[in-house]
Amino acid sequence: MIGGNESCTAGPIPMSYLTCLTYILGEWTGVEHIEDYLSYAVYLLWVLFPLAVVFLLPGVLVILFYVSILLLHIYKRKNELKEAYSNDFWDGAKQMLATLWDGHGRIWHGYELHGAENIPEGPGLIVFYHGATPADYVYFMARLLIQRKRYCHVVADHFVFRLPGFKILLDVHGVMHGPKEECVTALKKGYLIAIAPGGVREALFSDEMYTIIWGNRKGFAQVAIDAKVPIIPMFTQNVREGIRTLGGIKIFRSLYERIRLPVVPMYGGFPVKLRTFIGEPIPYEPNITAEELTAKTKAALQALIERHQKIPGNIFRALMERFQTQKKED
């Protein structure tokens, strides 16, 4: 066996381990001067490593979602008998996942929730700006459950319901497809519901200017009118600095409009400061139209963005805000 200070003797001249490995690879592949190619490959790896990291970090959220799914399956397996006799079977699981996600938000983003007192005790429709991922909403939902013992359902895009393994997660958390009738019924039962009218399109194609992309969507306003509930605007500061997309590349926009799947690459996963702000409720008015309520809601959300977000967004500034001891008021 060769000692730490010894060399291998693959040829007439003693060689170190690295030189020996290079020599063997050269002999095996028949490539001359293979050490030059290996040096170039190591150099490329060193240069491209940071770039690879920023594209891989968003995958941490995917891992967390599947960890949540695994925990739900374990929870269900351990409590199968209780499931048959209990109406609140999943309460413990919801609290467990809320703790998991709230912990991630606290550690990675120093997550804060402001204005929770603006959420009514009864039903209400929360309308929020959609970042590249819904992570900020998940942090909000977790913090609300832990601090206020309130649960908030959410309306999700149809593609979410086709993700492999997600069914149990969506069922437990009451994630909704979003038909108007289903939302109105849930609100009349006293539920709190959240919706991002911009949906996937806003998530993928808005940018550091925090442009609201709703198009002609006003169904959420009609839901609030039919259910006679207030609308509560919500915005998370620096949400586009945590994870960004390559939505500015036209080919990705064209591809999305053709297949309606979120195929736009994302990068980031930066530990920027995230603060969610809940605005004052827009009360129900019996004589308002859906168009008028949509415009009113959009103006309220835009006001939150202008008050709490420096535009254009800046990743370095958002990182530095982690070191602030308290939020700065504009």
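The values are calculated or read from the model by the stated rules, or taken from the named source; none is laboratory data. Everything quoted here is computed from the prediction, not taken from an experiment. No Cβ is skipped: glycine too gets one built from the backbone with ideal geometry, and neighbour counts run over all protein chains shown. Accessible surface areas use protein heavy atoms only, side chains included; no ligands, DNA or RNA. Shrake-Rupley method; radii C 1.70, N 1.55, O 1.52, S 1.80 Å.
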Just to confirm a number: summing +1 for Lys and Arg and -1 for Asp and Glu over residues other than Leu71 whose beta-carbon lies under 12 angstrom from that of Leu71, what do you get? +4
Please label the shape of region 220-330 as rounded, prolate or oblate, based on the square roots a ≥ b ≥ c of the eigenvalues of the alpha-carbon gyration tensor (a/c under 1.5 means rounded; beyond that, a/b larger than b/c means prolate, else oblate). oblate
Which residues' amide hydrogens lie under 5 Å from the amide hydrogen of Val229, considering only partners 5 or more residues apart or on another chain, with H built in the peptide plane? none
Residue list for region 263-288, given a label point 7 angstrom along the Cα-to-Cβ vector of Ile315 and an amide N cut-off under 18 Å: 264-274
Residue-ordered couplings for region 286-301, obtained by feeding phi - 60° into the Karplus form 6.51 cos²θ - 1.76 cosθ + 1.60 and rounding to whole Hz (Gly and Pro as x), are x, 9, 7, 8, 4, 5, 5, 5, 4, 4, 5, 5, 4, 5, 5, 5
Give me a comma-separated list of calculated 3J(HN,Hα) values for region 254-262, in order, Karplus coefficients 6.51, -1.76, 1.60 applied at θ = phi - 60°, integers in Hz, x for any Gly or Pro. 5, 5, 4, 5, 7, 10, 6, 10, x
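Just need the relative contact order of region 142-238 here, percent rounded to a whole number, with Cα pairs under 8 Å and 6+ apart.
Details: 78 pairs, mean separation 26.0, N = 97.
Taking the mean separation of contacting Cα pairs over the length of region 142-238, I get 27 percent.
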Solvent-accessible area per residue for region 55-202 at a 1.4 Å probe radius, Å²? 48
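Among the listed pairs Lys228/Lys310; Lys188/Lys218; Lys189/Lys273, which have their C-alpha atoms separated by more than 29 angstrom in this model? Spell out each step's value before the answer.
Details: Lys228/Lys310 34 Å; Lys188/Lys218 19 Å; Lys189/Lys273 35 Å.
Pairs exceeding 29 Å: Lys228/Lys310; Lys189/Lys273.
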Would you please classify the overall shape of region 127-177 from the alpha carbon gyration tensor, given that a ≥ b ≥ c denote the square roots of the eigenvalues, rounded means a/c under 1.5, and beyond that prolate means a/b larger than b/c while oblate covers the rest? oblate
Once amide H atoms are placed 1.01 Å from N in the peptide plane, what residues at a sequence separation of 5 or more from Ile126, or on another chain, have their amide H within under 5 Å of its amide H? Ile193, Ala194, Ile195, Ile232
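By the scheme Lys and Arg +1, Asp and Glu -1, what is the net charge of all other residues having a beta-carbon under 14 Å from that of Pro312? Please report the intermediate quantities before stating the final value.
On the way: positive: Arg240, Arg244, Lys310, Arg317; negative: Asp207, Glu208, Glu241, Glu306.
So the surrounding residues net to 0.
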³J(HN,Hα), Karplus 6.51/-1.76/1.60, whole Hz, each residue of region 200-211, x for Gly, Pro: 5, 4, 5, 4, 8, 10, 6, 8, 5, 7, 6, 6
Hey, can you rank 63-72, 192-201 by average C-beta count inside 10 Å, highest first? 192-201, 63-72
Amide H neighbours of Thr236 under 5 Å, at least 5 residues apart or on other chains, H built in the peptide plane: list them. Tyr129, Phe277
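Provide the net charge surrounding Glu292, with neighbours chosen by a C-beta distance below 12 Å and charges set as Lys +1, Arg +1, Asp -1, Glu -1.
+1
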